[in-house]
Each structure stands twice: as structure tokens, then as C-alpha cells.
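Each reported figure results from applying straightforward, stated rules to the coordinates on display, with no laboratory input. None of the values given here were measured: they were computed from a predicted structure. Methodologically, a virtual Cβ is constructed for each residue, glycine included, from the backbone with ideal geometry; neighbour enumeration extends over all protein chains shown.
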Amino acid sequence: MSAVVVESLSGLLRGVMFGTVGFFTVMVLSIVYRYFTSERLSSFLGILFGLGVLGFSGGLLAILDYPTLGGAIEVVTISIFTVWGVNTGDKIAEKMPKKSASAILDGIRGGKTPYTTIKLPNSRLIYDMAGKPRVPETLKSELSEREFTLPADLPMEDITNRVKRRLITDWGIGDAELELDQESKVIHFAISAKERGLSVAIPEGSVAVPIECRVIPSNLAPGDFVKIFLENNKIIERIEVKGVNEEQIVITVVADQSLLEIIRGNKASLVVALPSAIDTFPAISVEQKSGEIEEFKLQKIFSSLKKVGVTDKLARKTVAKVEAKLSKMDPPISTRLIKATVVRELEKSNPEAAKKLRNRRLRDLKSF
């Protein structure tokens, strides 16, 4: 009988000893768990942690191998202490000042920074910067609706500068104009290519040709359109000026190679500056009969109207109305639909010219 009592007391003593260690261990775990999750630690998990303390000492395996009354008392005592530790830790955590777990974790990570997304407009709304080299349309398509994620706490000017810097360094553009509203939405976006000299502005199949002139209009500048009367009685109806040397009275134009023989060795007896308002109209995407998508410049409509006897004023007015209607249609637009729209608008003011234009073959639209 005395042996049973001794074994029981021995088991109780060991249970109190290991239970005390388990109590404080589980209490700390319970506080941390409740504080970060706002939920109570399961008593079952607490008992497992408490018995784990006994397991580390090898006592648990000994009890399982040779079950005794003292071992059972020891396990029960440890379980009671661990449940007590769970309850105590839960109460302590409940009385601690509340701060969300996410806030604490953010503090450990250095704080969570809110971000804002800058989304570039569609390629159709990416403009060319005035007076600077144009970027290819493929680059505009690549930048279309691209997004940049930046810290929201930055000043608007810094956000704008960072986006510009990304565009210049990652896409190799020359410069950019970017305006944002108060909600960081893009309200204006224009870009330009790097200044690389004249060759970058020469389309394939064309050449840059200097023409010596007797006299040129005052303030003539690159980008102006002129009509050139050559000394050999040849006339270049409309061509864009790419460079002006006022001292030597020489202008540089980009011309089709077929004009090279006409220009070579001839001076310009007269250079007339032409209005360029018609060239402010944007190009649109058209679908040819073959199914191929091409760029269509509204300047071609203006030239076609002139061929059927329409005055400059009426031609510009007609092109403006046609452009307004075409802009409401989803691209690509067929050339047949463009011609039909032009004819309908022209009929309202010059039915005779509209009849001539209607009788022109559809393939003539390629020379618009």
C-alpha cells in the first residue's frame, strides 16, 4: 500500500515540475495566438504542447512503455497545468491593448505602403509631341494601356517623373508629356523619338534632297509644306520641308526617288508656303479588299477632291465632316465605306463633283 502512495506522490511531484514548465510555455503560446488571431488556443493543442515538454525529457516514452499509476498521475497533472496555462494566457491576451496583427506585422516588415496604378491610354490617344521626331506606331501599340505601379504617397510630380523616366530608359523614347488628374488618371500623353538626325524621319523608298533656291518665304521652318517651281519649268505641287539653311538659301525636302531626276541640278525659281491645316487630321486604319490593314491619311481624300474640281475651302470642309463620321466607327474601316461617306457629304454641296468622284474606280482610293 505504501508503495502505491509513494508512486502516486512521485508521479504528482514530477507532474507539478513538468506541468509548471508546460504551464508557462503554453501560457506564452496562448497569449501570442490570441493576440494575433483574436481566437482562443485549443486546450487539446495546449495539452499536446505540455506533454511535449515531458516528451523532450524522455519521460513520456517511459510512461508509455511501462504504464504505472504514478505515470498516469503525472500525465493528468501536466494536462491540468497546460489547460490552466491556456486559460491564463487567453485572459492575459484579452486584457492587453488591442493592435491588429496586420499592423504589427507591417511594423516588423517596415510598414505597408499603399500603391497607385498609372495606366497609359490606348495607342489612338498617344499623341506626337509637336516639333519633335515621331515614334513608330509599333511603339505606340506596345505602350498602349500599359500599367505602372508606384507608391501612392509620392507627390504627383514625382509620380509623373518616375513614369517618364521608365519610358525613356526602358523604351528608348526621346521625351514625354504626361498629365494626370487628382485621381492619377492620364488626361494627356504625348511622346517623341530621340533626336537622331534626318535619316530617322525619311520613310522607306524616299530620299532627302537639298534644293538651292533664289528666294524662300520668311520664317520657313521644318514641317512646313511648300509648292516648288523649278527652273526647268517642273512643279512639285506639295512637299514637306525637313530643313532650312537661310544663309545659303537651301531647303531640304524628303521626296520620292522618282522626283530625284527632276530636282537634280535645278534651282527653285519660286517656293510658295502652303497651309498645313489639312494635315492635322489623324490617320485611320483601313481594311483593303485583300483583308490587309493599312494606315489611311485623310490628306489623300483632300487630294482626290481637288482632282474632281472641288475648291480648297470646300475640300477641307468635306474632309472635316468625313473625319468626324469616321471617328465614330470602329476601325478598321473599309475603303469602300470611306468613299461612300465622302460621296454622300460632297453631294450636299457639289452634286456634280460628287458624281465624278462616284464614277472613279474604287482602286483609285489608293491614290487618295
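Arranged from highest to lowest average of other beta-carbon atoms within 10 Å per residue, in what order do the peptides 315-322, 136-143 appear? Don't jump to the answer; show the numbers that get you there.
Details: 315-322: 19.1, 136-143: 14.2.
So the order, starting with the most tightly packed, is 315-322, 136-143.
Find out how many positive minus negative residues lie around Q248, taking Lys and Arg as positive, Asp and Glu as negative, among other residues whose Cβ is under 15 Å from that of Q248. Write out the running numbers ahead of the final one.
Working: positive: R214, K267; negative: E212, E246, E247.
With Lys, Arg at +1 and Asp, Glu at -1, the net is -1.
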